[in-house]
Amino acid sequence: AVIVEPDQVSVSKLTISKISACTFDPFAENYECRPKVTVKNGKTVLTESTDGTTGDYKVTYQNNKKPGTASVIIEGLGEQFKGSKKVTFKINAVALSKASITLEKTKFTYNRQPHKITETVVFKDKTGRSVTLTAGRHYTVSRTEVTNAGKYTIQFKAVEGSGFTGTVKKTVTV
């Protein structure tokens with residue numbers, strides 16, 4: 001328990017701004033989501049420490065390097081603010097539909113032979129850099145070849161833990 005003197009304010013009584021979700025960047029080196037936090041005592045906006053000792057409070061982050069639920073911990077500094085408060089926020093995986101999925105061929109001639117489905121999956125990150133995704137690592141494919149005449153739905157599904165989420169469907173015809 002934190003002992004709060006009469007002229008001190010417990011951090012648990014401060015107002016913490018709503019923390020916006022981040023979108024994970026699966027290709028950023030040393031990715032960390034560090035959303036801005038605004039802390040108020042009544043209507044007064046408090047000062048975040050830049051060195052861990054000066055200012056009204058300091059901020060530390062937990063579990064903020066991959067998709068899921070992360071936390072920010074606000075810790076009071078100085079004589080006026082005591083204690084700490086943990087607030088959670090989300091880090092969202094990237095929708096696989098944001099990647100460009102191109103099939104080498106979508107129409108095949110029926111000839112009783114299997115036709116291999118070849119895809120290229122490219123994701124453009126927020127810096128504009130294009131990165132080719134890898135089957136098995138970033139996504140799975142429901143079907144890699146077709147033989148009989150008909151229309152087939154090919155399903156591309158994000159691999160859990162890849163930083164991507166969701167499913168994309170493409171159609172091929174024999």
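The values are calculated or read from the model by the stated rules, or taken from the named source; none is laboratory data. Every value quoted in this text rests on a predicted model; they were computed, and no experiment measured them. Here Cβ is always computed from backbone atoms with ideal geometry, including for glycine, and neighbour counts include all displayed protein chains. SASA here: full protein model, heavy atoms, side chains in, ligands and nucleic acids out. Shrake-Rupley method; radii C 1.70, N 1.55, O 1.52, S 1.80 Å.
Taking the Cβ of Tyr110 as the centre, find all other residues whose Cβ is under 14 Å away and add up their charges (Lys, Arg: +1; Asp, Glu: -1).
Values: positive: Lys105, Lys107, Arg112, Lys151; negative: Glu145.
Cβ neighbours under 14 Å give a net charge of +3.
Mind giving me the FRET efficiency for Lys65 and Glu104? R0 is 45 Å, r the Cβ-Cβ distance, nearest 0.05 is fine.
Numbers: r = 36 Å, r/R0 = 0.79.
The formula returns an efficiency of 0.80 here.
Past 18 Å, Cα to Cα: identify those pairs from Lys124/Lys151; Lys43/Lys90; Lys18/Lys86; Lys126/Lys170; Lys18/Lys40, in the order given.
Details: Lys124/Lys151 30 Å; Lys43/Lys90 26 Å; Lys18/Lys86 12 Å; Lys126/Lys170 25 Å; Lys18/Lys40 12 Å.
Long pairs (Cα-Cα over 18 Å): Lys124/Lys151; Lys43/Lys90; Lys126/Lys170.
Give me the accessible area of Tyr57, 1.4 Å probe, in Å² rounded to the nearest 10.
Approximately 10 Å² of Tyr57 is accessible to the 1.4 Å probe.
Using θ = phi - 60° and the Karplus curve 6.51 cos²θ - 1.76 cosθ + 1.60, what whole-Hz ³J(HN,Hα) does each residue of region 135-147 get, with Gly and Pro shown as x?
With coefficients 6.51, -1.76 and 1.60, one gets 4, x, 9, 9, 8, 10, 10, 5, 8, 10, 7, 9, 10 Hz.
For region 1-83, evaluate the Debye formula with one uniform point scatterer on each Cα (no solvent term) and list log10 I(q)/I(0) at q = 0.19 Å⁻¹, rounded to two decimals.
-0.86
Rounded to whole Å and sorted largest first, list the principal axis extents of the Cα atoms in the chain.
Computed over the chain, the largest-to-smallest principal extents equal 86, 27, 24 Å.
Just add up the charged neighbours of Glu75: K/R +1, D/E -1, any other residue whose Cβ is under 12 Å from the Cβ of Glu75. Write down the numbers at each step before the final one.
On the way: positive: Lys58, Lys82, Lys85, Lys86; negative: Glu48, Asp56.
That sum, taken over residues with Cβ under 12 Å, equals +2.
Could you give the dipole magnitude of region 1-74 about its Cα centre, charging the beta-carbon of Lys and Arg +1 and that of Asp and Glu -1, in debye to the nearest 20? Write down the numbers at each step before the final one.
On the way: 9 positive and 8 negative charges, 66 e Å.
Here the size comes out at about 320 debye.
Starting from the 7 Å offset along Cα-to-Cβ, what nm value, one decimal, do you get for the label separation of Thr53 and Glu32?
2.0
Using a Förster distance of 41 Å, how high is the FRET efficiency between Lys18 and Lys116, based on the Cβ-Cβ distance and rounded to 0.05? Please report the intermediate quantities before stating the final value.
Working: r = 49 Å, r/R0 = 1.20.
The pair Lys18/Lys116 has a calculated efficiency of 0.25.
Net charge within 11 Å of Pro35 by Cβ-Cβ distance, Lys/Arg positive one each and Asp/Glu negative one each, not counting Pro35 itself? List each step's numbers first, then the result.
Working: positive: Lys18, Arg34, Lys36, Lys90; negative: Glu32.
Taking every other residue near Pro35 into account, the sum is +3.
Go ahead and run the numbers for FRET between Asn92 and Lys151, Cβ-Cβ distance against an R0 of 30 Å, rounding to 0.05.
Working: r = 33 Å, r/R0 = 1.11.
Given R0 = 30 Å and the Cβ-Cβ separation, E is 0.35.
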